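The values are calculated or read from the model by the stated rules, or taken from the named source; none is laboratory data. Everything numeric in this text was worked out from a predicted model, so none of it was measured. Here the Cβ positions follow ideal geometry from the backbone for every residue, glycine too, while neighbour counts run over all protein chains shown.
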Amino acid sequence: HPATLQETFKNDFYIGAAINVNQIKETDSLMAGLLKKEFNSITAENMMKSMHIHPAKDSFNFEIPDKFVELGQKNNMYIVGHTLVWHSQLSPWIEKIKDSTEMHHAIQSHINTIVGRYKGKINSWDVVNEALNEDGTLRNSVFLERLGENYLTTAFKLTAEADPDAELYYNDYNMCQPAKRDGAVKLVKKLQENGAKINGVGIQGHWNLNSPSLEEIEKSILAYSQLGVDVAITELDITVLPSPWDLQGADVNQNFEGNPKMNPYPDKLPDSIQDKLAKRYQDIFALFLKHKDKIKRVTFWGVNDAQSWKNDWPIKGRTDFPLLFDRNLKPKEAYKAIISLKEKN
Ligand code: G3I
């Protein structure tokens, strides 16, 4: 029988997928079957974000997250919680806190309650997400404003106390750009100096057909692992669409709706682009294999193209093709290209 992703890379790294409520509910579907067969790790795409799991001070939504964890446990998967401290999708009640003591208590109750509930069940937490600006400085946020830069150390220490066995990650995008990479290295060093436990750095991996270069990706894998932590590729997807910001005349305030360049392949991906995507995925995985001793996990941000957030970003209704399985859950050329890397060995 043909090899699956998880079998193919079982001696190298975990192969994960981000899932949300639909994938959890559909227990008998094609999707559910594919998920169990191909992947040995899952990440909560949206359900554990502050605004969903902790919508008000004394109110938590655990129904869907509980099912997510059950699914992972039943299938012996490496389970990833996403994410504890993030400026975005933040509960309004936390956003409104003006006092530093109150903010500390909010983070403490958030982490203690959620990490405590899944102690020994969730293998890894994205403790802090996207704390850096593109120039490598700390992003201004309600956490930074109320608590100063020590909020990072606080978050990691609280998580380690709530579940000493969980692996703790710092996770961000553009982690292969030099300035941000330097910022991330500094951030991790600071945590280590402050005596906080950090097990790994998450390179999200929302990439395109050309960028970042393999060279920059490799530099980042090396720079982070030299800190003595694991590296994970946490949110991999490769868009085939033009960046809205690169389109002629497009700026952040423009209404992209109705710009045909925004959605060049509304029905089907041309074979030539399909091949480019396959080649790009193959090159990237060859690099991951080269550094498999440093890479703990490679997680795709979704299972198939229909499920990808990219279809709705930055406007609804783009048709993107960033993942390994198509809209009918059939493996794409990119899937075959990755598997073939190991068949050759
Ligand atoms: O579920 C509602 C639906 O009921 C409603 O009709 C619709 C109207 O817009 O919204 C739906 O919710 C959307 C949700 O995704 C589920 O699809 C939200 O608007 C939308 O903001 C949300 O986007 C998510 C985004 O994070 C913001 O939280 C994406 O799915 C998710 O893939 C994306 O993931 C982030 C990572 O957490 C961090 N790194 C970057 C990555 C990509 O942006």
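Just one residue in the set D312, D320, D283, D271 is touching a strand residue (DSSP E or B) at 6+ places or on another chain (Cβ under 9 Å) and acidic (D, E); that residue is D320. Residues that are buried (at least 17 other Cβ atoms within 10 Å of the Cβ) and of a type in the set (F, W, Y) do occur in segment 197-207, at least one of them. Each residue in segment 166-198 was checked for being charged (D, E, K, R) and in contact (Cβ under 8 Å) with a residue 60 or more places away in the chain, and 1 pass. Among the residues making up segment 72-87, those that are more than 14 Å from the ligand (Cβ to nearest atom) and either over 19 Å from the mean Cα position of the chain (by Cα) or β-branched (V, I, T) (or both) are Q73, K74, N75, N76, I79. In segment 319-337, the qualifying residues are those that are within 14 Å of E38 (Cα to Cα) and basic (K, R), and the one that is farthest from the ligand (Cβ to nearest atom) is K336.
Residues of segment 269-282 that are free of Cβ contacts under 8 Å to residues at least 24 places away in the same chain and either part of a helix (DSSP H, G or I) or buried (at least 16 other Cβ atoms within 10 Å of the Cβ) (or both): D271, S272. Entry remark, segment 260-281: residues being more than 27 Å from the chain's Cα centre (by Cα) and not acidic (D, E) number 4 in total. Applying the criterion of being more than 16 Å from the ligand (Cβ to nearest atom) and either charged (D, E, K, R) or within 20 Å of L241 (Cβ to Cβ) (or both) to the residues of segment 283-318, the residue that is surrounded by the fewest Cβ atoms within 10 Å (Cβ to Cβ) is D293. For segment 94-147, the set of residues classified as among the acidic types (D, E) and touching a His at 6+ places or on another chain (Cβ under 8 Å) consists of D126, E130, listed by residue number.
Within segment 114-139, being part of a helix (DSSP H, G or I) and exposed (fewer than 15 other Cβ atoms within 10 Å of the Cβ) holds for one residue alone: G116.
When T239, T234 are checked against the criterion of being modelled with pLDDT of 95 or more, of a type in the set (S, T, Y) and touching a helix residue (DSSP H, G or I) at 6+ places or on another chain (Cβ under 6 Å), a single residue qualifies: T239. Looking at segment 257-268, can you tell me whether even one residue there is modelled with pLDDT under 95, surrounded by 17 or more Cβ atoms within 10 Å (Cβ to Cβ) and outside any loop (DSSP other than H, G, I, E, B)? The answer is yes, given that some residue of segment 257-268 is modelled with pLDDT under 95, surrounded by 17 or more Cβ atoms within 10 Å (Cβ to Cβ) and outside any loop (DSSP other than H, G, I, E, B). Determine, yes or no, whether P322 is of a type outside the set (K, R), crowded, with 16+ Cβ neighbours inside 10 Å and outside any strand (DSSP E or B). In short, yes.
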